[in-house]
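A.B. asks: If you scroll down you'll find the structure; I have some questions about it.
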Amino acid sequence: MVKAILAKVKGMERDYLLFIFVGIFLGIGQSVDGATINNFLKDRFDFLIMQRTLLEIPREMPGLLVFIFTAFLFALGDIRIGVVANLAAASGMFLLGIIPYNFFLMLLVVFIYSTGQHLFMPLFNTIGMSFAKGGQYGRKLGQISAANTASLVISSALLWLLFRYFHISYTVSFTIGALAFLAAAILLMKMNPGRTEPMKNRFVFRKEYKLYYWLCIVYGARKQIFLTFAPWVLVDVFAQKVTTLTMLFFIISTLGIFVKPLIGLLIDRLGEKVILAGESAILILVCLLYAYAADLFGSWAVVIVCACYVLDQTLNAVGMARATYVKKIAVKAEDVSPTLSLGLSIDHVISMFLPVVGGLVWYSAGAGGYKYVFLGGALVALINFISCLFIRVKPLQAEGQQA
């Protein structure tokens, strides 16, 4: 078995192998972020729900500006921009662990880290799809994402052990994450910078992509509800500790090893419409369970909410379908990267301000205010479901484009 694995690795394209390891190191950095950031804010800065939601403005501002950053750096190409992005993420995460107790300094450092993280998000898909053959974009993204997720499994498990038995500080945790992002930047520097389609325009905005832009708006609302309020329900309403969040992250990562390649295959076989609409239908139920688990399940409510958290985070892999959708409908091959970057900025128009609105709803409605937030989430999921029904991908586009 080991020989077979080694033989398969030797047969891989050099750049593809390097990018697999980029995904692995990103997984380590992402596990540090996902497993510790909410508890860090509550423990170190005594955050309540309003402070946590207000933090989303500087944290999500880079996502709003990412198409401008990409346009400013477009001459570097996708891979070199990826180097810059991961260096910024490494710097920000390292500083997050060593800064003194200062709210405004913390906001600045979060902005730096978030800029690197958001800048690389669309590039990960663009670079990943460049390795696909025969139009199997979903399959290739699923494989790369599986490697990323496998590293999440291992690093989440190690983080849980380190926090649970060795009581490591947040400084140590963030330093580990920073070193992982730095390693990703170094590996990207070793890749051929010309393997992706060169950007010929700083900005791309076409009427042919109007449905994609709308899906990004709706996704921005869906994403932020689950990114901000779902973990905060666990931390604040159900009083779960960092070990619980780390364990849930471990479970999500383990499932992702198998779910992400499966979703990639299903995208290629069933199409983006079926996958994206199916995700929306599931999320309607998930939102309702978040809202009413405490009323319906008593002492089992925390288990139900944890299960919802695992499910909604696992379904994030469906985001690959939006990337493959753009790849298949692209008027020009060089449109893909700037269009994905613009889509990310569009979804952040919503995701920057929705947490503030949701936080006000939660705060003004008292202890049960979170229920109204997730009822709103159910409505967003319904709108997304209806919107996905309008997706059309011509067979010749899906089959004719080559990576």
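Nothing in this text is a laboratory measurement; each read-out follows from the coordinates by a stated rule. Quick caveat: nothing in here was measured; it's all calculated off a predicted structure. Every residue, glycine as well, gets a Cβ built from its backbone with ideal geometry; the counts of neighbours run over all protein chains shown.
A.B. asks: Could you tell me the largest-minus-smallest coordinate of the C-alpha atoms of the chain on each of the three principal axes, in descending order and whole angstroms?
C.D. replies: 54, 46, 45
A.B. asks: Can you compute the modelled spin-label distance between Thr171 and Ala281, with each label point 7 Å from Cα toward Cβ, in nm?
C.D. replies: It works out to 5.3 nm between the two label points.
A.B. asks: So what are the ³J(HN,Hα) numbers for region 266-282, from phi and the Karplus equation (6.51, -1.76, 1.60; θ = phi - 60°), rounded to whole Hz, Gly and Pro as x?
C.D. replies: Ordered by residue, 3J(HN,Hα) equals 5, 4, 5, 8, 9, x, 5, 4, 4, 5, 5, 5, x, 4, 4, 4, 5 Hz.
A.B. asks: While we're on this one: From the phi angles alone, apply the Karplus equation (6.51, -1.76, 1.60; θ = phi - 60°) to region 78-83 and give each ³J(HN,Hα) in whole Hz, x where the residue is Gly or Pro.
C.D. replies: 4, 6, 5, 5, x, 4
A.B. asks: Also: Round to the nearest 0.05 the FRET efficiency obtained for Phe103 and Asp43 when R0 = 25 Å and r is the Cβ-Cβ distance. If you can, show how the numbers build up before the last one.
C.D. replies: On the way: r = 15 Å, r/R0 = 0.58.
Calculated transfer efficiency: 0.95.
A.B. asks: Below 8 Å, C-alpha to C-alpha, sequence gap of six or more: please give me the relative contact order for region 12-400 in percent.
C.D. replies: Numbers: 611 pairs, mean separation 112.6, N = 389.
Relative contact order of region 12-400: 29 percent.
A.B. asks: Karplus couplings for region 167-180 from phi (6.51 cos²θ - 1.76 cosθ + 1.60, θ = phi - 60°), rounded to Hz, Gly and Pro as x?
C.D. replies: After applying 6.51 cos²θ - 1.76 cosθ + 1.60, I find 6, 5, 7, 5, 4, 4, 4, 5, 5, 4, x, 5, 5, 5 Hz.
A.B. asks: Rounded to a whole number of µm²/s, how large is the Stokes-Einstein D of region 26-101 at 10 °C and 1.306 mPa s, given Rh as the Kirkwood radius over C-alpha pairs? Each step should come with its number before you reach the end.
C.D. replies: Details: Rh = 14.3 Å.
My calculation gives 111 µm²/s for D.
A.B. asks: Given R₀ = 56 Å, what would the calculated FRET efficiency be for Arg269 paired with Gln51, taking r from the Cβ atoms and rounding to 0.05? Write out the running numbers ahead of the final one.
C.D. replies: Working: r = 45 Å, r/R0 = 0.80.
Calculated value: 0.80.
A.B. asks: What is the distance, in nm, between label points placed 7 Å from the Cα along the Cα-to-Cβ direction at Val393 and at Lys133?
C.D. replies: So the label points at Val393 and Lys133 sit 2.0 nm apart.
A.B. asks: Where does the charge balance sit around Ala378 when Lys and Arg score +1, Asp and Glu -1, over other residues with C-beta under 14 Å from its C-beta? Show your work: numbers first, answer last.
C.D. replies: Values: positive: Arg222, Lys371; negative: Glu279, Asp312.
So the environment of Ala378 carries a net charge of 0.
A.B. asks: Going through the cross-link list Lys190/Lys394; Lys140/Lys332; Lys328/Lys371; Lys241/Lys371; Lys133/Lys273; Lys133/Lys190, which pairs have a Cα-Cα distance over 32 Å in this structure?
C.D. replies: Working: Lys190/Lys394 37 Å; Lys140/Lys332 21 Å; Lys328/Lys371 38 Å; Lys241/Lys371 21 Å; Lys133/Lys273 22 Å; Lys133/Lys190 23 Å.
Flagged as over cut-off: Lys190/Lys394; Lys328/Lys371.
A.B. asks: Could you check the simple spin-label distance between Val349 and Leu158, using points 7 Å along Cα→Cβ, in nm with one decimal?
C.D. replies: My value for the distance between the label points is 4.2 nm.
A.B. asks: By how many nm would the segment from Val331 to Asn192 lengthen if fully extended, with 0.36 nm per residue of separation less the alpha-carbon distance?
C.D. replies: Values: separation 139, 0.36 × 139 = 50.04 nm, distance 2.52 nm.
Computed gain between Val331 and Asn192 is 47.5 nm.
A.B. asks: With an 8 Å cut-off on Cα pairs and a minimum separation of 6 or more residues, tell me the relative contact order of region 248-403 in percent. Kindly include the intermediate steps, with their values, before the conclusion.
C.D. replies: Numbers: 124 pairs, mean separation 58.1, N = 156.
37 percent.
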